[in-house]
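The values are calculated or read from the model by the stated rules, or taken from the named source; none is laboratory data. What you see is a predicted model, and the numbers here were worked out from it, not measured in a lab. Ideal geometry is used to build each Cβ from the backbone, glycine not excepted, and the neighbour counts take in all protein chains shown. The area values use the complete protein model at the heavy-atom level, side chains included, leaving out ligands, DNA and RNA. Shrake-Rupley method; radii C 1.70, N 1.55, O 1.52, S 1.80 Å.
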Amino acid sequence: MKVAVFGTRKYDQDSLNAANQGGFLKFTFIEALLDQTTAILAADHEAVCIFVNDICNAAVLESLHHLGVKFIALRCAGFNNVDLEAAARLGIQVARVPAYSPEAVAEFTVGMMMTVVRKYHKAYARVREGNFLLDGLLGFNLHGKTIGLIGTGKIGLLTGRILARGFNANVIAYDPYPSPLAQEYGFGYVDTLDELLEKSDIISLHCPLTDSTKYIINDDTLGKMKRGVILINTSRGGLIDTYALIRALKSGHIAAVGLDVYERESSYFFADSSAKVIADDTFARLLSFYNVFMTGHQAFLTEEALSNIADTTFKNLKDLKEKGTCDCIVKA
Ligand code: NAD
């Protein structure tokens, strides 16, 4: 079965090749992201394999359908970039990797929280320059702080467990579908999002990007947060209205931010953009704040996660081809 794998880096190729038992899949690795102009590269392939920033809207799906593509295999859990209704209409089946390593993202989130609070990144740069002054590096203990989690699915739950069990933080969560595991992991729920916003010293986002969660962090919700709050987002960039965040940073309402994602990240992330002028002024402004710490959608990137992604993707495609369905199918 021929698979056009879009947006690939070397680590994707290595893990997919390792998972390809018996050479069942014939990969064409493509560095470019999937969009309307690159879809043609999938000609003569039965399946297309994509990641978080590939564009798989109705127009792209129409093109893929004309080229004979029957399956879309997402190498990620989120499917907000695929028009599922268009896929269903065209008879294209879509599969994803629902959970590849929630531990990878949860551990990274806590590391990002620690970095922002204790300023590891500034200390690292300073010490390398021979500057051992501690001024400006003052942090605070996570122990006893109120940390609010918005969304307690696989990743939010594990993040809560690390913070409650490991740091003895007072973890509170908001989720329309609370999990019974939270109590076992040492934390509980508040009844409303507003209550979480008002009480938390640190807020971390762990809900998916959907029509109802887009810009869940906006002028209104930022205004309800404590002055001096720290915000962490390792979920999806579109959860935050970046203009509102910049306003809150400029006014000093937000003390610091850790971001692994950005709402228009696809123009820059997963590529070396160091010799490129940043044309997105909002992104450039965000990067310019001394109290914004940003990484390039890296939270998932562990050996364990890549191996699980590749194994599930292999199984999804093999099952789709041989059985006409798979365990990880995504439907509109
Ligand atoms: P999940 O589906 O297991 O859990 C999501 C939770 O969010 C669910 O419990 C759901 O009820 C809750 N939720 C939905 N709407 C909500 C709302 N309005 N308010 C509060 N909670 C709400 O998802 P997951 O696997 O834990 O992933 C969480 C997020 O992390 C996703 O957005 C995913 O795309 C992102 N993610 C990022 C990376 C990365 O590398 N940065 C890697 C994997 C996943």
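Of note:
To keep it simple, each residue is scored yes or no on (1) in a loop (DSSP other than H, G, I, E, B); (2) within 24 Å of the chain's Cα centre (by Cα); (3) within 18 Å of Val97 (Cα to Cα).
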residue: Ser15; (1), (2), (3): no, yes, yes
residue: Ala32; (1), (2), (3): yes, yes, no
residue: His45; (1), (2), (3): yes, no, no
residue: Val48; (1), (2), (3): no, yes, yes
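- Residue tally, condition over 21 Å from Leu158 (Cβ atoms) and either open to solvent by less than 50 Å² (accessible area, probe 1.4 Å) or within 16 Å of the ligand (Cβ to nearest atom) (or both), over the range 89-129: 6
- Note on the range 203-318: enclosed strands (runs of 3 or more DSSP E) holding 1 or more residues that are buried (at least 22 other Cβ atoms within 10 Å of the Cβ), away from the ligand (no atom under 16 Å from the Cβ) and not aromatic (Phe, Trp, Tyr) are 229-233, 254-259.
- A single member of Phe27, Phe108 is touching a residue at least 24 places away in the same chain (Cβ under 8 Å) and over 23 Å from the mean Cα position of the chain (by Cα), and it is Phe27.
Every residue, every condition in (1) over 24 Å from Thr312 (Cβ atoms); (2) out of contact with any strand residue (DSSP E or B) (no Cβ under 8 Å at 6 or more places or on another chain); (3) free of Cβ contacts under 8 Å to residues at least 40 places away in the same chain, yes or no:
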residue: Leu34; (1), (2), (3): no, no, yes
residue: Thr37; (1), (2), (3): yes, yes, yes
residue: Ile40; (1), (2), (3): yes, yes, yes
residue: Glu46; (1), (2), (3): no, no, no
residue: Leu64; (1), (2), (3): no, no, yes
residue: Ala73; (1), (2), (3): no, no, no
residue: Phe79; (1), (2), (3): no, no, no
residue: Val97; (1), (2), (3): no, no, no
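- Condition met for Pro176 (touching a residue at least 40 places away in the same chain (Cβ under 8 Å) and open to solvent by 70 Å² or more (accessible area, probe 1.4 Å)): no
- If only residues of the range 132-161 that are β-branched (Val, Ile, Thr) and more than 8 Å from the ligand (Cβ to nearest atom) are counted, the one that is surrounded by the fewest Cβ atoms within 10 Å (Cβ to Cβ) is Thr146.
- Candidates Ala39, Ala73: the one that is of a type outside the set (Lys, Arg), outside the structural domain of Pro208 (by the TED database), more than 21 Å from Leu306 (Cα to Cα) and crowded, with 19+ Cβ neighbours inside 10 Å is Ala39.
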